[in-house]
Structures are given as C-alpha cells and as structure tokens.
Amino acid sequence: MATTAIPPQEETPSAPTTIFRRPASTEGFWGWVTTTDHKKIGIMYGYSAFFFFLLGGIEALLIRVQLAVPDNTFLSAAEYNAAFTMHATIMVFLFVMPMAAAFFNYLLPLMIGARDVAFPRMNAVSYWIFLFGAIFASSSFLFGTSGAPVGGYLPDGAEWASRLGSMPNGGWFGYAPNSLEAFSTGTAMDYWAVGLQVIGIASLISSINFIVTILNLRAKGMKLLRMPVFVWMTFVVAFLLLFSLPIIAVALFMVTFDRQFGTVFFDATGGGDPVLWQHLFWLFGHPEVYILVLPSMGLVSEVLPTFSRKPLFGYAAVVFAGAAIAFLGFGVWAHHMYASGISTVAQAAFGLATMTIAVPTGIKIFNWMGTMWGGKIRFKTPMLFAIGFVSLFVIGGLSGVTHSIVPSNWQQTDTYYIVGHFHYVLFGGAVFGLFAGLYYYFPMLTGKMYNERLGKLHFWLMFLGMNLTFGPMHWLGLQGMPRRTWVWFEEQGLAFWNAVVTVGAFVIAASALVFMINWMLSKRRGVDAGFDPWDARTLEWMLPLPVPEYNYAKLPTVTALDEFWHRKYTEDEDGRAVRRDDYDEIVAQLEHEGRNPEEEIELPSPSYFPFLVGFGIMFVAYGVVYLSAGFGIWLMLLGAVIALGSFVGWSVEPLEEHHGGHDGHAEAADHEEIEDADAEEVEA
Ligand code: HEM
Ligand SMILES: [Cu+2]
C-alpha cells in the first residue's frame, strides 16, 4: 500500500521539529475522490446517507398525504406501491446502515488509538461500491419499467399509471411470487434485487475491515474490555453482517435467476417454493434489525455516561447483552411468518425464542437507567436524544413482545400496528440514537459547537412528531387498517387518527429542517469548540479539534476503561471523582502534543482505484438487469474490464512502505504490548 511519509513538525528554532506537508492530491474534489482517510470516508458516508434520509422522508410524506383522507387519488396504486417500497429500502439500506458506517469509519480508529483502519483502500472501495450501488438502485426512477399487477384491485376508472417512474414496488422484503416476472413484469424488481446485492458487497467488505482493525490495531494497553461500548457494537455488527449478508446474497441471486433465466427457485408452478424466499429473507432480515439498532445503542452508551458524569453502569453487562442480542437474533426469523402456513409447533418455538431477546435488551435498558440514576445530568441535545432513544425504544420493544405471542400476532400482522411498532424501534430507536451521535460528535467533526437552542427545538419537534405519527398507527392497526394499501374508505371510520398521523409526519419533516439549518449555520459560524468540550471520558476526546489528518501525533498507551477520564480525574477519600491537581497542565499538554507531532507519521496514500472499482461494478449491475434484453452482456463486460483492470492497477500501485508490509500502519502495538500495558490502574 502506498503511504505518504509526514515528517515530524518544526516549531520553534529551540525544539528540533519538522514541517507537516500534505501531498497535493489529498486536497479539493479529487482529494475526496481518491481519499483513503477513514475520517473523510466517514464524512462521505454521512452526507450520502443524510441525502437518502431526505429522499426516504419525502416518499414517506407522499404516502401520508395519500392516506390523510379517504378515497384519495393523490397517488395512484402504482405510485403508492413504489413509494413505500423505496421509502423502506432507502431508509434501511441507504440511510440507517450507511449513517452507522459513517460513525464506524470516523470513530473506530480514534476510539482504539490508531491512525486508520487495517485496509484503507478496501475501506474506500466499500464506500464507492455503496455509492454507485445506491445511484444504480435509485436510477430505477428514471430507467425502470413495470407492468400492472396481475389480478390486483383497481377501483373503476383508475389506471395503473405512475408519475414516479417505475421504481421497485414489491415491498422492502420483496416476497415471492409477487417479485417474480409473472407478477412484476419489467425491470423494476431487477433494480431492487441487483441493487441490494451490490450494496451488500460494500457492507461485507467493510465488516471484514472493521473486524481486522479491532483485533489488530488497538493501542498499547487497549484490552478488549477496555474498548468503548461503541467499538464493541461495531465489532458485533460486523459479525452480524458477516453471517447474515451471505444469506440474502444467495436469495437475491436465486430471485435474479428466476427473473432473468427462468429458473423456478420460488415459483410454485415450476415446483419451487415461495415460502423459501420468506425463510431466506428473514434469516437475514431479523439480524438486519439489530444491524440497524446496535450502532445507535453503542452511541447512546457513549453519550449517557458523559452527560450523567458517571461511568456506564454495568459496562461488561451492556457489552455482553449486545452480543447476546446479536446471537439470539439469528434464531427468531420465523416470527415474521406465523401467518405463512408454518406449523403450530414452529410458531410456538419461534415465539418463545423471540421473547428471550427481551432479556438482554432489558439488561441494556436498566443499565442505561442505572447510569443516569444519581448522576449530575446535563440536558444537552445529545443527552435529550439519548434519553429519547431509551424511552421510545422501550415502547417499540414492548409492542414487539406483543407480536411474539402467536394469537395476537395473527390479529396484528400486516396491519398498521406493525408499522407503528417498527417505526418506534427504527425511528425512535435507531434514528434518535444516530442524532444523539451527530450532535455529540459535531465538535469533533467541525471544531465548532452547534446551536444548543436549535438543537433542543429539533429534539422536541422530532419527539412530538414521531409520537404523533407512529403512536396512533397502533390504534389504526387494531381498528383493522391494513398496511401497504394505497387507499382507505370513509366507512372504515379511520379519519381522525389518519389525519393526526399525517400531521405528525410533517412535524418530523419540520424538525429535520431545523437540524439542517443548525448544521449548516454552526459549521460556518458556530463558536469554537476548544478542547474536550463535553469533559468526556474516552480516548477520542483527547485529540485536538477538529481532529488532525494523522489522528494521534503519538499513539497513546491505555491503562483503563475510560482512559481520558482517568487522566483527568482521580478519587477523593469518599470515592468521589475529583479533578487531578495538575488537570490544566494535563489538558494543555495533550492539546499541544496532539497538534505537534514529533515523529515521522505514515499515512495511507490516496488512490484512484477504489473509485474506479465501484464505477465498474455499477456497469456490471446495469448489465445484469438488461441481460434478458440482450444488450446487458456488453454492459457487464465493460464493467468487468473497468473493475478488474482497477484491481490490477491497485495491486501494482507503487509501494513506498517502509514498515512491516501490511496495508498502512505497521506501527500499531502488537498483541503482547496491547495486553500488558497496566502501567497504573486508577479507579475514579
Ligand atoms: C421520516 C419519518 C417516517 C415516516 C412518516 C414513515 C412512514 C411510513 C409509512 C406510512 C409506512 C407504511 C406504508 C404502508 O404500509 O402503507 C412506512 C413503511 C415503512 N417504513 Fe417508514 N416512515 C418514516 C421513517 C422511516 C425510517 C427512518 C425507517 C427505517 C429506518 C422506515 C422504515 C419503514 C419500513 C421498513 C416500512 C415498510 C415498507 C413495506 O411495507 O415494504 N421508515 N413508513
Ligand atoms: Cu424479526
């Protein structure tokens, strides 16, 4: 791997230092296109994901306008099906997952005391494959085609027309046989299947990268049980991705083969089994919900202790509860299929397994409450979102438990009760957790403080909006309102709560606007964040802000969990945490050292090849969609030449490495050093 040597800094004639020079190519637009810096890659994930949040949000508003009144024709049936399918696909795969990847990328090396991830170019390629995969999937809006569903219901005079192009319209879990050619003619569902396949490759590559980084690049003394909870959740999510993505990859290949080559994996008329798709999809799909929420649980576990001014209550229990949730999450998939005809015994077994997950989840909830209990709580915006996360996730979790009970599930399945439930855990949970992280790390990212008043306005509007939107959905569902149905009728008596839900959705939209204004204004004109603005606990806050390109001027040595806290605080005779006498010197020294590297620093060099690999793979994807049209094979070949050619270029890219040979930073501590750096254990 090509690296760039950054000579030590030259400061004043007295101190022997060197000048920090950046190679020209890391600047400007091409600097972003060629970057292999985990922080820049994280930032690109973040802005891309937020763009898709807005897109998914607009689709949700379209859905809610259509359902605001009875017999509405604001959207046609075709448009409605496309809107909820892409709303969900975008929110899950193009917003929440990449926003979590933004935090993984930006924070992981900083939290473990490293200069970058284990494979920086692989990290860049996973971003570009994600982005080109997202562009490909979204381009179905322009290039997709789809015919009227066979046997679908259309009121008199209504026609199967769509102003929303022909985006995928088979629902976010694309059940067969509806997703097959017989019922979904045209290319729309090919875009869905191939798009998810490409995005899955990106997630798989980065999960391997993060596992290797966490196991190999931790700073001296950073034992596994000294890692911040967010690093643990990154680790757990990486394994969830590693084990669940191959399942959906196989299923997506099978559905693509059924659509493109006429195989019959899921086609009962040819001896295939449509229920097999459900098993495969949910074997991935249920672990997927933890892939969506565990990163937010990690972020909340960083925010709560900082703003309660107490260590996380039951650190180890929180960590292992996360791992237990992930493990148990692989054994409950058929709770989505109680009504699909599986046996009663299977239903009971999966019901029981599902209830067990409430135990580790409960442990986390109680530990978060234990952290706040007796704490000196500062109600800053990150803390409000973290508390919002805990309370809303509990509500979502409780309605989730009601689903695991087979008889009540039979009533609730495919109604708005379910839609209400998963939005409490996904929006109230995952999204609130992500916003807690965005506000908490805003100073680290920008070196500025956000506007606290606007932050609080955002929180209260979003909290109100989300409860107005997703709370009443439970009642609408119990009143029998089916999900995925583009129109409801006056005589169903659902007017009041549907109106409330739609108003709520627009309140959420207003809150997102407040967030964007705050972000843009504060990034430009916010007050300087200074050093350690939150008086935080973990390693990454020891860095000067915004974080320098090289992260640590000198790689740290870790002696305890909450290393930074232990450097600033000690215990008085009553066991209370008190500032060390030389607190100011410690902090000033850390900031000075952080800005003035004294030794040569190796950083991964920029490269064009990751971008080109992603670009090539996009053409292969278009090729697959148009294989049966006859010209796809040429697009596939073109894409393969670009992607494989780039891999060859990548493998012969000039090596300037002086150290150790593996991709990037050989100066990470080896395992012995990581394990035995117990210089001094300070319990505060
Ligand atoms: C921004 C606020 C949001 C609003 C107003 C909203 C609204 C809705 C509505 C009304 C539906 C039901 C459509 C139907 O079945 O008739 C829906 C479906 C769905 N939403 Fe959202 N949603 C929002 C955010 C999110 C987020 C953040 C996620 C995920 C992280 C998400 C994931 C889903 C999923 C998975 C479905 C199921 C789609 C299907 O049945 O295929 N939503 N949403
Ligand atoms: Cu599930």
(Q) Could you check segment 321-345 and list, in sequence order, the residues that are within 15 Å of ligand 2 (Cβ to nearest atom) and closer than 23 Å to residue 417 by Cα? (A) 329, 332, 333, 334, 335, 336, 337, 338, 339, 340, 342
Q. Does residue 122 satisfy the condition of being open to solvent by 10 Å² or more (accessible area, probe 1.4 Å) and in a helix (DSSP H, G or I)?
A. yes
Q: Return the total of residues in segment 430-458 being part of a helix (DSSP H, G or I) and closer than 20 Å to residue 45 by Cα.
A: 16
Q: Specify the residue that is farthest from residue 54 (Cα to Cα); the eligible residues are those in segment 477-505 that are among the aromatic types (Phe, Trp, Tyr) and surrounded by 15 or more Cβ atoms within 10 Å (Cβ to Cβ).
A: 488
Q: Quick one: residue 58 ticks every box in (1) within 16 Å of ligand 1 (Cβ to nearest atom); (2) at pLDDT 95 or above; (3) surrounded by 20 or more Cβ atoms within 10 Å (Cβ to Cβ) except a single one, so which number is it?
A: (3)
Q: Could you check residue 552 against (1) more than 16 Å from ligand 1 (Cβ to nearest atom); (2) assigned to a helix (DSSP H, G or I); (3) surrounded by 17 or more Cβ atoms within 10 Å (Cβ to Cβ) and say which number it fails?
A: (2)
Q) What tally of residues in segment 463-494 results from selecting those that are hydrophobic (A, V, I, L, M, F, W, C) and in contact (Cβ under 8 Å) with a residue 60 or more places away in the chain? A) 10
(Q) Taking the criterion of being among the hydrophobic types (A, V, I, L, M, F, W, C), more than 30 Å from residue 441 (Cβ to Cβ) and out of contact with any helix residue (DSSP H, G or I) (no Cβ under 8 Å at 6 or more places or on another chain), would at least one residue in segment 228-248 satisfy it? (A) no
Q.
Quick check on residue 299: is it within 16 Å of ligand 1 (Cβ to nearest atom), in contact (Cβ under 8 Å) with a residue 24 or more places away in the chain and touching a Gly at 6+ places or on another chain (Cβ under 8 Å)?
A. yes
Q.
Quick check on segment 313-330. Is at least one of its residues away from ligand 1 (no atom under 16 Å from the Cβ), open to solvent by 40 Å² or more (accessible area, probe 1.4 Å) and not in a helix (DSSP H, G or I)?
A. yes
Q. Only one of these conditions is not met by residue 374: (1) touching a residue at least 12 places away in the same chain (Cβ under 8 Å); (2) more than 26 Å from residue 278 (Cα to Cα); (3) part of a helix (DSSP H, G or I). Which number is it?
A. (3)
Q. Does segment 65-72 contain any residue that is farther than 30 Å from residue 38 by Cα, buried (at least 20 other Cβ atoms within 10 Å of the Cβ) and in contact (Cβ under 8 Å) with a residue 60 or more places away in the chain?
A. yes
Q) How many residues, within segment 459-505, are among the aromatic types (Phe, Trp, Tyr) and not in a helix (DSSP H, G or I)? A) 3
Q | Among the candidates 211, 247, residue that is among the hydrophobic types (A, V, I, L, M, F, W, C), within 18 Å of the chain's Cα centre (by Cα) and in a helix (DSSP H, G or I) | A | 211
Q. How many of the residues making up segment 300-311 are over 23 Å from the mean Cα position of the chain (by Cα) and either within 16 Å of ligand 2 (Cβ to nearest atom) or open to solvent by 10 Å² or more (accessible area, probe 1.4 Å) (or both)?
A. 3
Q.
Tell me yes or no: at least one residue of segment 130-140 is free of Cβ contacts under 8 Å to residues at least 60 places away in the same chain and either open to solvent by 10 Å² or more (accessible area, probe 1.4 Å) or away from ligand 1 (no atom under 16 Å from the Cβ) (or both).
A. yes
(Q) All but one of (1) at pLDDT 95 or above; (2) hydrophobic (A, V, I, L, M, F, W, C); (3) more than 20 Å from residue 451 (Cα to Cα) hold for residue 486; state the number of the condition that does not hold. (A) (1)
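The values are calculated or read from the model by the stated rules, or taken from the named source; none is laboratory data. Just so we're clear, the structure is a prediction, and the values are computed from it rather than from any experiment. Cβ atoms come from the backbone with ideal geometry, glycine included; neighbour counts cover every protein chain shown. The area values use the complete protein model at the heavy-atom level, side chains included, leaving out ligands, DNA and RNA. Shrake-Rupley method; radii C 1.70, N 1.55, O 1.52, S 1.80 Å.
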